[in-house]
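K.L.:
One structure, pasted below without further comment.
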Amino acid sequence: MKTQRWFTPWLLLGPAVVWLLVFNLWPAINTVVLAFTNAKPLGGGSFTGLANFERMLNDDQLVYALVNSIVYMLVCLPLLLFLPLLLAVLLEKKLPGITFFRTAFYTPVIASAVVVALIWTWLLEDRGLVNGLAQQLGFLTEPLPFLSGRWLLLFSAISLTVWKGLGYYMIIYLSALGNVSRQLHEAAAVDGAGPIRRFWSVTVPGVRTTMLLVSVLVTVSALRVFTELFVLTNGTGGPGGRTMSLVMLIQMYSRGFTGHLGYASALSLLLFVITVGPMLLLLRLNRKAA
Amino acid sequence: MRTRLVGLALSSAVLTAVAGCGLSGADTSDDQVDITGEVKGTVTLQTWALKPKFTDYMQGVIDSFEAEYPGTTVKWLDQPGDGYSEKVLSQAASNELPDVTNLPPDFALPLAKQGLLLDIDQADDKLREEYVEGAVASYEFAGQTGVFGYPWYLNTDVNFWNTELLAKYGLDETKLPTTMEEMVDQARILKEKSDGAVHLLSRKPGIEDLNQAGVELVSADGTEFIFNTPEAVAVLDLYREAFAEGLLPRNVLTDAYLGNMDLFKKEQVAWTTGGGNSITDIAVDNPSLAEKVIASPSIGTPSLYTQGLSVAKNSDNLPAAVALARWVTNTENQAAFAEVVPGIFPSTVASAEDPQFSQSDGTNVGDAKKIAFTSLAEAELLKPVIVDQAMDDFLKQQFSLAISGEITSQQALDKAVEKCNELLNN
């Protein structure tokens, strides 16, 4: 008895397809359309051709935001590529009490990003714990402007991202390390390879595909950084808005009753393009290496 | 064939979505609306974060309205404090604004521009007679004819001083600064005598400070920002020099600090500004400080914060909607509201002589309240309602650069004016 019709697969896929169309495809298309308009939340807008993209060329804030986002990505990528791997190698060992350390390193991941960033704000402010302690111990005479100096602020946010991301990527690496052959390690050890040599010649090649995954994840999330910078700068983007990320700039233009949705959408398209670029590059590099 | 059918259906859906997405038109017609008719039927009232603290008060007002106008039923919607603008925005975008909605002027402006709000000036010929001028003016917008809300409750800022810190570091509470220049002079004394542990100034200026100093912000027709004047440069330069001298905490550049009221509560700064009831709030967090605080009038033009009730132009029940908005904002109901919400003031002319507001009970709380109430006569909306979020952010950023000395005050103001005009016209 044949009960299956041609539309049966579509019926089964239907809810997921509708979900994708409504919540993914439609907003994405809408963003592309709005990028060529001067739309506001109320009253729509009119098509303005490439005007929003021309505005980008004269936007100082965009230059700062792009530089910040790219620096963020360039610093976070190596740190979050190798530190969690090293940590995973250390925590992979079956030692008494190792579960405690695994849990401790993972705890920042489950903590709310906003709460964590607020705690860091208290730690890093002029009268905060870090400056206070450094002054008490005689390392500093004046507090360091962690929250009011452009680059210190950016690197404070990067430190926060790295600290919070360590546990997450560590877990990914831990599962990947389980697949690295122990025999290879033993063979390398027999051949006289030390721990560092074994790390580079056995462990790293063994988790190369996972490293690619981590690279893509870190790149995308670093280019789209928002919460850390937003909370540490109290939403201002740092002194003169010069520590804004691209997402903060998009948020600045799209907020409120009279948000500039057209320009914000054009910026979103730019973000999309610069996010896709490094991802394609990484995939290409991986294919070559393979 | 099947694949083509599915493809065609998907393409149609996408094209329909594209055609409709985000580009709907606005109803900006100036059609007269008929508000005559019997006050009866159901009418919706939307307030902003009044439940559960003020439920009894609001329910009392609603009950009295329904008793005054038999046959009416008020459906009261109270929205949470967070996300109110998004809620109103979605209601406006879907043309589902409640009949009467609590809207501050900056929320009302874009809705008025879209023709969504009733011109109260046309609907109620006693409006200008019964409500104070400044409050009514808050709901008049350049380029739009009409008044787009009944003023409800008002507030303003006064200065608060920590007398203990003033005395400890050589300042006289009877000679409080009355100009920003005097403020900077006293800030210098306080900083020197406290060895930098305490500040007097703890905030950077905003566009409100330019207005307060008498700088013309917007052209008369409301189509252009014009605040890059020598007077505005002088205001920024004053702060710039004070910052260079270390008279302000460094974190004011990013506002990444607790805010001057919080620093005041922690007794790290000796001056702050706040509403007329701020001493009561201070007492909650730092009871021993509250008794040491005194108030003085704002320096320059006092700020005016207005809340109002607007009526949806497309309401199905305009007579009842107008009657309800007027009822909630009438003298008696506003006076009663100000009693349950200390620190707010009524916007009706008849309340001007109410001793509840115009006289102090001799306490520092009473004095502050009296100063705030008397300041309202001269108070103005210091930040023009056409300044949107993006403009405000950009202004703060440029002012921050000027104060830190990275660019000159003139450069900051020129860039701010250029950007604000660009955003205004796009």
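K.L.:
It is to be established whether one or more residues within the stretch B:155-176 are farther than 30 Å from B:G246 by Cβ, touching a strand residue (DSSP E or B) at 6+ places or on another chain (Cβ under 6 Å) and touching a residue at least 12 places away in the same chain (Cβ under 8 Å).
P.N.:
Checking the stretch B:155-176: at least one residue is farther than 30 Å from B:G246 by Cβ, touching a strand residue (DSSP E or B) at 6+ places or on another chain (Cβ under 6 Å) and touching a residue at least 12 places away in the same chain (Cβ under 8 Å).
K.L.:
Let me ask you something else. Among the residues of the stretch A:56-95, count how many are touching a Ser or Thr at 6+ places or on another chain (Cβ under 9 Å) and aromatic (F, W, Y).
P.N.:
Count: 2.
K.L.:
Looking at the stretch B:76-86, which of the residues that are within 13 Å of chain A (Cβ to nearest Cβ) and not aromatic (F, W, Y) is farthest from B:D56 (Cα to Cα)?
P.N.:
Checked the stretch B:76-86; the qualifying residue farthest from B:D56 (Cα to Cα) is B:E86.
K.L.:
At pLDDT 90 or above, facing chain B (nearest Cβ under 10 Å) and surrounded by 14 or more Cβ atoms within 10 Å (Cβ to Cβ), is that true of A:L21?
P.N.:
Spelling it out, A:L21 is indeed at pLDDT 90 or above, facing chain B (nearest Cβ under 10 Å) and surrounded by 14 or more Cβ atoms within 10 Å (Cβ to Cβ).
K.L.:
Among B:N426, B:N421, which is surrounded by fewer than 17 Cβ atoms within 10 Å (Cβ to Cβ) and part of a helix (DSSP H, G or I)?
P.N.:
B:N421
K.L.:
Inside the stretch A:228-256, can you point out the residues that are within 9 Å of chain B (Cβ to nearest Cβ), surrounded by fewer than 23 Cβ atoms within 10 Å (Cβ to Cβ) and within 21 Å of B:A93 (Cβ to Cβ)?
P.N.:
Scanning the stretch A:228-256 gives A:S254, A:R255, A:G256.
K.L.:
If you don't mind, another one. In the stretch A:24-45, which residue that is out of contact with any Gly (no Cβ under 8 Å at 6 or more places or on another chain) and facing chain B (nearest Cβ under 8 Å) is nearest to A:L270 (Cα to Cα)?
P.N.:
The residue in question is A:I29.
K.L.:
Taking A:T161 as the residue in question, decide whether it is more than 12 Å from chain B (Cβ to nearest Cβ), more than 20 Å from B:Q268 (Cα to Cα) and surrounded by fewer than 13 Cβ atoms within 10 Å (Cβ to Cβ).
P.N.:
No: the conditions fail for A:T161.
K.L.:
Suppose the filter is more than 14 Å from chain B (Cβ to nearest Cβ), aromatic (F, W, Y) and either more than 21 Å from A:L217 (Cα to Cα) or in contact with an Asp or Glu (Cβ under 8 Å, 6 or more places away or on another chain) (or both); does A:F100 pass it?
P.N.:
yes
K.L.:
If you take just the helices (runs of 4 or more DSSP H) that sit entirely in the stretch B:292-384, which of them hold at least 2 residues that are under 22 Å from B:Q59 (Cβ atoms)?
P.N.:
Because the criterion is at least 2 residues that are under 22 Å from B:Q59 (Cβ atoms), the helices (runs of 4 or more DSSP H) in the stretch B:292-384 that meet it are B:318-328, B:331-340.
Listed here are the residues, each with its yes/no results for (1) closer than 15 Å to B:D78 by Cα; (2) away from chain A (no Cβ under 14 Å); (3) of a type in the set (D, E, K, R).
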{"site": "B:V88", "(1), (2), (3)": "yes, no, no"}
{"site": "B:S94", "(1), (2), (3)": "no, no, no"}
{"site": "B:L97", "(1), (2), (3)": "yes, no, no"}
{"site": "B:V100", "(1), (2), (3)": "yes, yes, no"}
{"site": "B:D106", "(1), (2), (3)": "no, no, yes"}
{"site": "B:A112", "(1), (2), (3)": "no, no, no"}
{"site": "B:Q122", "(1), (2), (3)": "no, yes, no"}
{"site": "B:L127", "(1), (2), (3)": "no, yes, no"}
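K.L.:
Continuing with the same structure: Are there any helices (runs of 4 or more DSSP H) wholly within the stretch A:47-123 with 1 or more residues that are in contact with a strand residue (DSSP E or B) (Cβ under 9 Å, 6 or more places away or on another chain), and if so which?
P.N.:
Counting at least 1 such residues, we get A:51-57.
K.L.:
Any residue in the stretch B:383-396 that is more than 8 Å from every other protein chain (Cβ to nearest Cβ) and farther than 11 Å from B:V218 by Cβ sitting within a Cβ distance under 7 Å of a residue that is in a helix (DSSP H, G or I) and of a type in the set (D, E)? List the pairs, counting only those 6 or more apart or interchain.
P.N.:
The qualifying pairs do not exist here.
K.L.:
State which residue is nearest to B:D414 (Cα to Cα) when the search covers only the stretch B:186-210 and only residues that are of a type in the set (S, T, N, Q) and without any contact (Cβ under 8 Å) to a residue 40 or more places away in the chain.
P.N.:
Ranking the candidates gives B:Q186 first.
K.L.:
How about the stretch B:375-400: which of its residues are in contact with a Pro (Cβ under 8 Å, 6 or more places away or on another chain) and among the β-branched types (V, I, T)?
P.N.:
B:V385
The values are calculated or read from the model by the stated rules, or taken from the named source; none is laboratory data. Bear in mind the structure is a predicted one, so any value in this text is a computation, not a measurement. Note: ideal-geometry Cβ built from the backbone for every residue, glycine included; neighbour counts use all protein chains shown.
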